[in-house]
1. With a probe of 1.4 Å, find how much accessible area the stretch 395-500 has per residue, and write the answer as a whole number in Å².
2. Would you work out the charge dipole size for the chain about its Cα centre, treating the Cβ of every Lys and Arg as +1 and the Cβ of every Asp and Glu as -1, and quote it to the nearest 20 debye?
3. Can you tell me, using C-alpha contacts under 8 Å and at least 6 residues apart, the relative contact order of the stretch 1-82 as a whole percent?
4. Want the number for Leu15 to Leu349: 0.36 nm per residue separation, take away the alpha-carbon distance, what's left?
5. Tilt of helix 284-299 relative to the longest C-alpha principal axis of the chain, in degrees (0 to 90, nearest 10)?
6. What does the charge add up to near Trp521, with Lys and Arg as +1, Asp and Glu as -1, over the other residues with Cβ less than 11 Å from its Cβ?
7. So, with +1 on the Cβ of K and R and -1 on the Cβ of D and E, and no other charges, what is the size of the charge dipole of the stretch 384-457 about its Cα centre, to the nearest 20 debye?
8. Loop-only trypsin sites (Lys or Arg not before Pro) in the stretch 345-395, please: DSSP not H, G, I, E or B, and at most 12 other Cβ atoms within 10 Å.
Amino acid sequence: MLTWRSRAEQEGAALADVTSFRKYIGGSAANIAVGAARLGLRSAMLTRVVDEPFGHFLLRRLRDEGVDIEGVRLDPARLSGLVTLAVRESDDFPRLFFYRDSADMAFDAADVEPGLVARARAVLVTGSYLSSPSLQAATLRLVEIAKQHDARVVLDLDFRPVLWGLAPIGAGQSMESSSPSFAEALSHILPYCDLVVGTQEEFRAAAASVDTRQALSLLLAQTEACLVVKAGAMGCSVIEGDLTTWSEDQPANPGFPVKVLNSVGAGDGFLAGFLSGWLRHQPLAECARRGNAAGAIVVSRHGCTPAMPTSAELDSFLRRSGQVRRPDQDAELTLLHRVGTRPANPVHLHVLAMDHRWQLEEMAKQAGADPGRIRPLKELLYAGYLRVAASRDDLGLLVDDVYGAAALEAETGSGRWIARSAEVAGVVPLELAGGADTSAWLRSWPADQVVKVIAYWQPSDPDSLVAAQLGGLMRLQQACWSTEHELLVELQAPPGQRYGRGDAALIMQRCYEAGISPEWWKLPP
């Protein structure tokens with residue numbers, strides 16, 4: 001499943017009371033594909049998207065995450081799927097599935113790319129992709145080709161009663177139901193499987209049974225696969241061959257105690273973590289440990305795909321096993337996540353800086369000219385920039401929204417690097433143009449606009465001034481992190497002064513020691 005998701009920004013609100021949402025990529029298969037890629041595995045998706053803005057968003061996000069999209073087909077007749085969800089307690093996360101006749105649910109057997117499947121060491125299929133005859137046929141063809149090429153088959157049960165018509169359309173959060181049709185669909189896939197993963201509720205649904213032990217026994221009779229039973233915060237059980245070591249109340253592989261903010265996507269994070277060990281032939285206990293840790297990190301954050309940890313994060317969390325109760329507030333994990341999930345930097349970037357304001361105002365004053373002429377000047381500069389950009393792909397633009405608003409609007413969304421001034425021009429210590437509520441202000445900025453500020457600063461500045469500069473930068477960084485913007489800090493000596501050898505490096509060191517880690521620096525020559 002590949003969808004875009006809209007998550008409520010108001011925590012604890014019912015869906016009817018939510019006033020704003022945040023958009024991101026989602027769907028169980030997409031979550032796992034991205035999670036696996038972040039953990040160092042090569043992943044690809046077989047699905048459909050539509051040739052419209054949200055479909056382009058999904059494809060761009062997959063590419064940015066390193067997921068191969070060779071097998072993604074464009075559907076000209078359907079819209080991309082959508083899930084809307086509220087953020088509430090872990091056992092109550094209302095969500096609505098807008099999947100009826102969506103592009104990804106129209107995937108069929110003819111869409112399966114044999115060459116791509118032949119190159120895979122393993123294929124993952126999900127129970128959600130069995131809710132229609134055409135999807136069942138596509139899944140069966142996929143696993144048959146995989147087995148012909150000695151690939152392992154992983155089944156994520158991922159049972160959603162609402163997609164099978166077993167729950168009201170407004171009850172997307174419902175997870176428990178009896179479904180003979182689900183069990184029947186699975187019976188054709190299970191013989192091909194090497195690994196089957198699900199919750200107790202999903203295993204009961206898979207066997208059309210009301211008893212978990214009986215359900216597991218029935219499934220073991222249909223497949224030689226290893227069964228992994230997820231038990232949320234308690235951890236998981238790994239079953240091979242028989243149930244002699246399985247306990248319904250005490251999983252053999254304990255989970256990690258963390259503060260739960262949002263359980264949606266936790267199972268997908270678990271499976272990505274498990275596969276990062278399983279596909280590298282690590283012991284099953286280590287696979288389970290990695291899965292439990294990845295799931296714990298995901299439940300401590302908002303979102304699904306955006307919350308998936310990187311290898312560096314997972315290693316950090318495991319190294320401090322049991323010590324990180326609030327991954328969302330852990331400075332090391334937060335920085336590792338920020339650094340590890342940002343898009344790749346261009347190798348070379350040549351930026352036209354035309355964000356000047358007070359300097360041009362001073363020039364206009366000295367020349368006795370109307371300051372209003374600064375706007376058409378910047379439009380001319382931007383026109384020249386576009387002439388050069390027509391034959392190059394390594395350009396960027398730094399511009400303000402006072403005199404350069406026309407260029408800012410035209411360049412946004414171009415795919416080229418762009419940064420926008422955020423500071424009140426010429427003020428020391430740093431003061432932001434958007435006022436006190438920086439996060440609310442930046443939330444109105446397009447995501448591709450890098451937030452740029454100038455800090456006029458000397459290593460010899462008094463402690464009170466340094467503290468004010470650091471405080472302003474820290475507040476801005478927190479706002480950038482919460483709104484998913486990159487930050488550029490420009491260092492300048494105060495007017496009339498110059499930096500000596502090593503001065504800029506000393507200031508940068510002070511910033512890093514204070515926990516300020518911008519994505520970009522703009523330094524004097």
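1. 40 Å²
2. Charge dipole of the chain: 740 debye, to the nearest 20.
3. 32 percent
4. Gain in length upon complete extension: 115.9 nm.
5. The angle comes out near 50 degrees.
6. 0
7. Using Cβ point charges on Lys, Arg, Asp and Glu, the stretch 384-457 gives about 160 debye.
8. Arg392
The values are calculated or read from the model by the stated rules, or taken from the named source; none is laboratory data. Note that the structure is a prediction, hence the values are computed from the model and not measured. No Cβ is skipped: glycine too gets one built from the backbone with ideal geometry, and neighbour counts run over all protein chains shown. Heavy atoms of the whole protein, side chains included, go into the accessibility calculation; ligands, DNA and RNA do not. Shrake-Rupley method; radii C 1.70, N 1.55, O 1.52, S 1.80 Å.
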